[in-house]
1. For each pair in Lys263/Lys325; Lys182/Lys263; Lys57/Lys259; Lys325/Lys384, compute the distance between the two Cα atoms and list the pairs where it is over 26 Å.
2. By how many nm would the segment from Ser171 to Met363 grow when fully extended, if each residue of separation counts as 0.36 nm and the alpha-carbon distance is taken off?
3. Rounded if a/c is under 1.5, else prolate if a/b beats b/c, else oblate: with a ≥ b ≥ c from the C-alpha gyration tensor eigenvalues square-rooted, which is the stretch 99-213?
4. Would you mind pulling out the separation of the Cα centroids of the stretch 299-330 and the stretch 60-90, in Å?
5. Shape verdict for the stretch 236-302, please, from the Cα gyration tensor: rounded (a/c under 1.5), prolate (a/b greater than b/c) or oblate.
6. With Cβ to Cβ distances under 14 Å as the rule, what net charge do the other residues near Asn360 carry (K, R +1; D, E -1)?
Amino acid sequence: MDLTEKLEILADAAKYDVACTSSGVQREARQGQLGATHVSGCCHSFTADGRCVTLLKVLMTNACIYDCAYCVNRRSNPEVTRVSFTPEELAELTIGFYRRNYIEGLFLSSGVVRNPDYTTELFIRTLRILREEYGFRGYIHAKAVPGTSPELIHALGFLADRLSLNLELPSSESLARLAPEKANLDLVKPMRQISESIAEDAESRTLARKRLTTYLSGPAPRKAARAFAPAGQSTQMIIGASPESDYQILTLSAALYAKLAFKRVFFSAYMPVVEDDRLPKTDAIQLDREHRLYQADWLLRFYGFDVSEIIDEEHPFLETDIDPKATWALNHLDLFPIEVNTAPHEMLLRVPGIGVRGANLIMRARRQTTLSERELRKLGIAYKRARYFITCNGTYSGLGVDFSREGLHARLRAPIDGGRHGRRSDRALPGQLSLFDNAQLCLKGA
């Protein structure tokens, strides 16, 4: 089997791993338009300064020693054609894409072949070829395999920019039922090791910088070695394959952020790709629930919300027809409307339709002028939502709508026309090639 065929199989198998942002749609390039997307093979991540980088998203192998009920690559699935890259093949493929400016980095995951240590050794060999032989300095996201020895995780962390170790399911009970072989592994211990290694490496680098002086009598200091997983660590949870509530999921996510300094928790709506008596008997994919969990997660990380403000044990599931911030606002109508020209920053962040950037722009702009509807629209505020919760210089624009939970709920659940501030359409170069056409060109040396 040639590299192109391997890539097609292993890139398609990687689409179930969502510890990054991927397109999820098939859209070919058209004459006169710019851009095309593919359901698998390429994904996107974002740098600290907001830049979007394209990654080659692929498995090292789809062979696996585990028999997890929800996984298409599980050991007992006879319908899967098992293939593997060698470290040399995968490194060559990555560099071929990179040199032709198709990608800026690599997202590497895998089934577990032989045992966790052997799989991780394949990762390390691949990344060492990229880093040391090719001098590749691009972004690499690598999976830490549960059960891997601490020494190998330590070595992998100095080659990858981000590490992720998937929890898969939100509770130990569900893991024991759906992935009994993984249930015997301690998932938290390697997460804690990664977190502590990141902190220790950052601290040692800070101390080293402090020891540097402006005037050096001797030779220049040796170039610093790579940092340990400088982009941090993340994890993934499957939503809907087990009975845990949104309250349990968000409580676990908040603990990972607070105690282990996680960068992201990714949620993946369960997709029925294999049959098993332990799985839900439905073909429905809980995409709305996944979407609301991401919104709630955003509130935890950037808006200063606590889990108890978003959800509680008495109401353990998020509403699917309105977003979590709107739900909070409707439950606290006694605090609204607020005056946009005088309200503190933390209250502006609680207004539906005002995001982090919008709140910062409002704080800056109102030092120079009194804000009205016109200025708020220029700042990019979603005024059609925000108007029910704010006043502008004493003027309230939500007149004619019943200021009650029921009345505002009906307004907030209605779709909002993006207008000229909505999403821009994709435009691209004519005749752009698909991922696998690009792969063929790479392998032929075109």
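1. Values: Lys263/Lys325 21 Å; Lys182/Lys263 23 Å; Lys57/Lys259 29 Å; Lys325/Lys384 15 Å.
Beyond 26 Å: Lys57/Lys259.
2. 64.9 nm
3. Cα axes put the stretch 99-213 in the oblate bin.
4. 38
5. In terms of gyration-tensor shape, prolate.
6. Net of charged neighbours comes to +3.
Values in this text are rule-based calculations from the coordinates and carry no lab data. As the structure is a prediction and not an experimental result, all values here were calculated from the model. Neighbour counts run over all protein chains shown; Cβ positions are idealised from the backbone, glycine included.
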